[in-house]
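The values are calculated or read from the model by the stated rules, or taken from the named source; none is laboratory data. Since we're looking at a predicted model, the values are computed, not measured. Reconstructed Cβ throughout: ideal geometry from the backbone, glycine too, with neighbour counts over all protein chains shown. These accessible areas exclude ligands, DNA and RNA; they are computed on the full protein's heavy atoms, side chains included. Shrake-Rupley method; radii C 1.70, N 1.55, O 1.52, S 1.80 Å.
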Amino acid sequence: TLIFNATHFSTYSSEETPSQSSSGTGNAGGGGRATSTTEDWSINKDKMKVSLNVGETKKEEIEIHNKGSQKINIDIYVQKLESFVEIKERSFELNPGESKTISLDFAAREDAVPDLYTGKLIIKSDGIEKEILVAVEVESEKPLFDIKLEIPARFLIGIPGEKISANGIIYNFRETGKIDISIEYTIKDAEGIMLVREQETRAIEDELSFTKTFVIPEEAKYGDYIFYARVTYSNESAIGSAWFKIEKKSFFRIENILIIIIILIIITLLAIIYQLRRLGKYLKIKIDENILLKEELVKLKGGK
C-alpha cells in the first residue's frame, strides 16, 4: 500500500527499489537505501520573476533545506531558459538539517529580443521533483517606459468562464508631450503557451493607469499562468507581469460562504420568531386559564 501526500500540481510516479539481500543485518523486511519524500526537503519559493534590460545581468538566490534525518543528493535543471540563466553548482549533497543557498546568474544577451520568457527550475532528490516557475522580462537596453502590473487579490485564483483583471501604471521616462503607444496584453501558461492576447493603442504623457480584463476561456486547463503587458514605442519595449492560478470552481468560495451565512441567519431568525409565537400562544392560553379559574372562584364565593 503506497500513500502519497501531493503538495502541488505535477506529474508523479513510483517504482520499486530492489532490496538488497540481508545476511544477518538490516531490517527484517530486507535492506535498501533510504529515499527522500517531499516533506524531507524544501525550497524557499515556488515562483520567481526577473526583469532585465538587454545586456544586463542580475543575481538571484534560492535556498534548499534538508529537513530529514538522511543525507540527500540534490540536482538542479533549467527548462526553457537555458539562454538566460546559469547555475554554477547544479549537483550537491545536503546533510540532515543543512541548508544551502544557490546563486542564479541571469543575463539578457545583446541580441535578446525584448519579450516575456517563461520556464522552470527543476530540483530533484531521489526521484522527488519540485519546480520553481520563472518569468524573465527582457526590456530594451534603455527603455522609454516602466510598467507596474498587479492582479488584485480576488483575481489571483481564476475560474474558467469567469473574469480575470489586472491593474497597471505606465511611466514615461524620456518622451515629452502626448504620444501614442501600443500595449499588448497576453496571458500564457507556465509552459509558455498563449491563452489570450489583445492589443490596443493608448495616449500617454507622464504616466498612464489602466485596467485590463479578460474572460478566461472555458477550455483553459488548471494550473499557473502569467498575465503580462508589453508597451512598444519607436522600437523600444517595456514589460510588466504577474503570476496567477486557474483552478476548478469550488463551492466553498467567499461569495458562496457569505450566501450560506445569510441563509443560516434567516433560518435562525425564523426559528426564533416561530418559537416566540409558540411561547406567546402558550402564555395567552395560561392567562385565559387563570382568568377562567378566577371567575370560577368568584362564582363559588358568591354562591356561599
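General remarks:
- Taking the inverse of the mean reciprocal distance over all distinct Cα pairs, the Kirkwood hydrodynamic radius of segment 133-233 comes to 14.7 Å.
- Taking the chain and dividing mean pair separation by its residue count, relative contact order in percent (alpha carbons under 8 Å, at least six apart): 14
- Probing with 1.4 Å while keeping every protein chain in the model, the per residue accessible area of the chain equals 64 Å².
- For the chain, the 222 nm mean residue ellipticity estimated from helices alone, with every DSSP H stretch of n ≥ 4 adding -39500 (n - 2.57) and the total spread over all residues, rounds to -6000 deg cm²/dmol.
- Simple spin-label estimate for Arg278 and Ile169 in nanometres, 7 Å along Cα-Cβ: 6.0
- Coil-residue chymotrypsin sites (Phe, Trp or Tyr not before Pro) of segment 51-98, DSSP, other Cβ within 10 Å capped at 11: none
- Potential extension, Ile157-Asp288 segment - 0.36 nm per residue separation minus Cα distance: 40.9 nm
- The radius of gyration of the Cα set in segment 162-304, together with its Dmax, comes out at 34.5, 117 angstrom.
- Between helix 254-303 and the chain: long-axis angle, C-alpha atoms, 0 to 90°, nearest 10: 10
- Across the chain, the convex hull enclosing all Cα atoms gives 294 Å³ per residue.
- Exposure rank, largest accessible area first [Lys124, Lys67; 1.4 Å]: Lys67, Lys124
- Residue pairs exceeding 28 angstrom between C-alpha atoms, taken from Lys58/Lys249; Lys120/Lys221; Lys58/Lys142: Lys58/Lys249.
- Within straight-line reach of Lys148, meaning a Cα separation under 17 Å, sit the following lysines at least 8 residues removed in sequence or on another chain: Lys49, Lys212.
- Accessible area of the chain belonging to carbon and sulfur atoms, whole % at 1.4 Å probe: 53
- Centroid-to-centroid separation of segment 119-154 and segment 161-186 [C-alpha atoms, Å]: 20
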